[in-house]
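Everything on this sheet refers to the single structure shown next.
Each value in this text was obtained by applying a stated rule to the coordinates, not by laboratory testing. What you are looking at is a predicted structure, and each value in this text was computed from that prediction instead of being measured. Neighbour counts run over all protein chains shown; Cβ positions are idealised from the backbone, glycine included.
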Amino acid sequence: MRILPLLLLVWTFAAAAAEPWTDLFNGRNLKNWRVLNGDAKFIVRDSTIVGVSKLNTPNSFLATRARYDDFILEFECRIDDGLNSGVQIRSLSLPEYQNGRVHGVQIELDPSPRAWSGGIYDEARRGWLYNLECNPAGKEAFKNGEWNRFRVEAIGTSIRVWVNDIPTADIVDDLAPSGFIALQVHAIAGDASKAGKEIAWRNLRIMTREFEAARSPAANTIPQISYLTNQLTERERAEGWQLLWDGKTSAGWRGARLDHFPAHGWKMEEGLLEVEASAGGESSNGGDIVTVKKYGNFELQVDFMISAGANSGIKYFVDTGTNQGEGSAIGCEFQILDDDLHPDARLGTAGNRTLASLYDLIAPEALRYAPDENTPKRVNKYGWNRAHIIVRGGKVCHFLNGIKQVEYERGTQMWRALVARSKYSVWPGFGEAEQGHILLQDHGNQVFFKNIKIKELD
């Protein structure tokens with residue numbers, strides 16, 4: 001008499017184990033959800049959640065009441081042209097943080113010509129973590145005006161995104177281990193042409209256990225971007241990346257005019273390498289520091305944070321014997337500068353001394369990703385920014401926060417013409433060495449560095 005209930009119980013547990021998905025939306029109402037920050041409307045229509053844009057209200061979020069840490073999330077969405085939106089994961093709303101403003105990792109929904117849908121943005125905190133300029137195939141994944149399938153795997157420090165089965169983003173990040181999921185209706189300010197437009201979501205489901213069976217296999221088809229502090233990911237190590245600074249000691253570095261690390265002017269504390277503020281002079285306190293080793297073809301990444309009005313730089317192909325006089329050692333320079341407050345930004349020619357420029361030679365023009373984009377530089381003013389320099393033979397590129405700013409070729413007729421018009425004209429063969437030291441500049445202003453890593457190229 002008890003066999004049938006027992007069999008039913010066994011079948012129920014087996015089915016649950018085989019299908020560990022949970023619906024986030026019941027298809028009927030917004031039970032277990034709450035609206036945060038803005039006043040845009042969220043309604044249920046035909047088993048979908050519909051967000052409706054509204055004039056003169058901030059970003060609005062429909063957030064789960066539950067919090068999630070590790071999970072696989074799937075959903076479908078459709079968005080009207082002219083809007084921007086996203087889905088928050090591991091996000092928070094805290095009274096002590098900007099009076100409850102929603103902040104955290106966002107999976108981007110972007111139907112604009114920029115086409116960054118499936119990228120990763122850090123709402124109200126760090127800005128873009130993974131734009132799609134490094135993933136051209138990913139930019140083609142999202143279909144405007146259609147339903148699009150998203151899959152997000154947030155497990156440990158790994159966050160990976162797919163749109164319509166095409167991988168779009170892959171980051172490693174330990175800042176946000178847990179939080180709610182939220183659907184965004186982006187603010188439209190006073191633009192009446194965008195009022196009443198809609199974003200719709202359906203088939204929202206989440207898996208919070210038994211990842212190994214459902215997790216997508218590791219793939220190296222798109223770049224991985226890491227935000228771990230002074231650590232390399234497993235994939236970075238496999239690809240040949242090395243830490244240039246270990247986060248603790250001066251190993252591998254010396255003063256540009258010394259055979260040892262400077263005794264003052266530089267501080268290493270809590271995983272940060274700090275140029276201490278002095279009188280604002282060029283290499284007049286602790287002095288510049290350089291790598292002990294010389295480099296030729298390479299990729300270099302450096303995270304930096306400036307203080308108000310600060311000046312510094314990252315130099316490469318540095319010959320420490322070239323300039324024995326006052327000032328900094330000589331080399332090609334990725335300029336680090338507060339463009340708004342430091343006077344050097346208004347010197348030189350047409351902006352060629354501003355942030356991310358090839359100092360005194362080429363202005364940061366930003367090879368634009370969309371015809372309507374009007375922000376050539378995306379800068380976290382006094383927060384962390386990432387410099388990325390790629391050198392392959394004579395060809396060199398500067399990137400700032402994932403956007404290409406400068407591209408040039410050393411040793412050409414154009415290169416030599418640029419040098420002849422610059423402060424470097426007095427140095428024969430400037431910038432044409434096969435290899436040189438990498439330098440971090442002391443310009444007398446407080447600047448912080450971390451996550452200094454390099455990959456040597458063939």
* **Stretchable slack from N144 to Q98, in nm (0.36 nm times residue separation minus alpha-carbon distance)** => 13.2 nm
* Asked: How much length, in nm to one decimal, is gained on full extension between H264 and R235, taken as 0.36 nm per residue of separation minus their Cα-Cα distance?
  -> 6.8 nm
* So for the chain, taking the charge dipole from beta-carbon charges (+1 Lys/Arg, -1 Asp/Glu), which of V102, F75, A218 sits furthest toward the positive end? -> F75
* Asked: Does segment 17-226 come out rounded, prolate or oblate, given a ≥ b ≥ c as the square roots of the eigenvalues of its C-alpha gyration tensor, rounded meaning a/c under 1.5 and, failing that, prolate meaning a/b above b/c?
  -> rounded
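At 222 nm, what helix-only mean residue ellipticity would the chain give, in deg cm²/dmol to the nearest 500, using -39500 (n - 2.57) for each DSSP H run of four or more?
When only DSSP H runs of four or more count, the value is -2000 deg cm²/dmol.
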* Burial ranking of peptide ranges 310-318, 30-38, 133-141, 190-198 (average Cβ count within 10 Å, highest at the top) -> 310-318, 133-141, 30-38, 190-198
* **Nearest-0.05 FRET efficiency for F211 and K248, computed from C-beta distance (R0 30 Å)** => 0.35
* Structure fact -> Under 5 Å from the placed amide H of G86, counting only residues 5+ away or on other chains, we find L109, Q184
* Output the peptides 345-351, 148-154 sorted from most to least packed, where packing is the average of other Cβ atoms within 10 Å over each peptide's residues. => 148-154, 345-351
* To do: Multiply the residue gap between K377 and E276 by 0.36 nm, knock off their C-alpha separation, and tell me the result in nm, one decimal place.
  => 33.7 nm
* **Cα centre as origin, Lys/Arg/Asp/Glu Cβ charges: the chain dipole, Debye** => 980
* C-alpha center-to-center spacing [segment 420-458, segment 115-159] in angstrom -> 33
* Give the peptides 67-77, 378-388, 114-124, 90-100 in descending order of average Cβ contacts within 10 Å, highest first. => 114-124, 67-77, 378-388, 90-100
* Could you give the radius of gyration (one decimal) and Dmax (whole number) of the Cα atoms in the chain, in Å? -> 25.2, 99
